[in-house]
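Please treat every number below as a calculation from the coordinates, not as lab data. Given the structure is predicted, the values throughout are model-derived calculations rather than measurements. Please note: Cβ atoms are built from the backbone with ideal geometry, for glycine as well, and neighbour counts cover all protein chains shown.
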Ligand SMILES: [Zn+2]
């Protein structure tokens, strides 16, 4: 399950960002990750990995939101651009197998959702 190694990297990056927040928030609510279709992540496996790996860290109890971007490519023969469904890297217009990937390999931390002390104080009024 490669979701565990992907999750380990995501969690490390998220915790680093979280700890750098100033002023320090009260807790981490959610982490949003953008992943291209090339990574072939199974969302349920990633969520499971996140639940296990985030235990005993400040991310415990937070949610992992996964946004999957479709794989798109451009044909070197005819210039066609569109969505590719791995593992078939073929041009939908001319049938050539000369596809340059445009999108689908990305994998990054998009945003953190946090709850801060200020917010909680406001709710009490
Ligand atoms: Zn083509």
Original post:
Relative to the longest principal Cα axis of the chain, at what angle does helix 43-53 sit, 0 to 90 degrees, rounded to 10?
Top reply: 40 degrees
Original post:
Over the Cα atoms of the chain, Rg to Rh with Kirkwood Rh, two decimal places?
Top reply: 1.15
Subject >> Of all DSSP beta bridges in the stretch 1-103, antiparallel share, percent nearest 5 >> reply: 55 percent
Original post:
Which residue, 33, 85, 114, tops the fluctuation ranking in a GNM of the chain built on C-alpha contacts under 10 Å?
Top reply: 85
**OP:** Report the calculated FRET efficiency for residue 89 and residue 12 (r = Cβ-Cβ distance, R0 = 30 Å), to the nearest 0.05.
**Re:** 0.45
Subject >> Gain upon complete extension [residue 21, residue 57; 0.36 nm per residue less C-alpha separation] >> reply: 11.4 nm
Original post:
Hey, with R₀ at 30 Å, roughly what FRET efficiency would residue 77 and residue 34 work out to, going by the Cβ-Cβ distance, to 0.05?
Top reply: 0.50
Original post:
What's the angle, to the nearest 10 degrees (0 to 90), between helix 3-20's Cα axis and the longest principal axis of the chain?
Top reply: 50 degrees
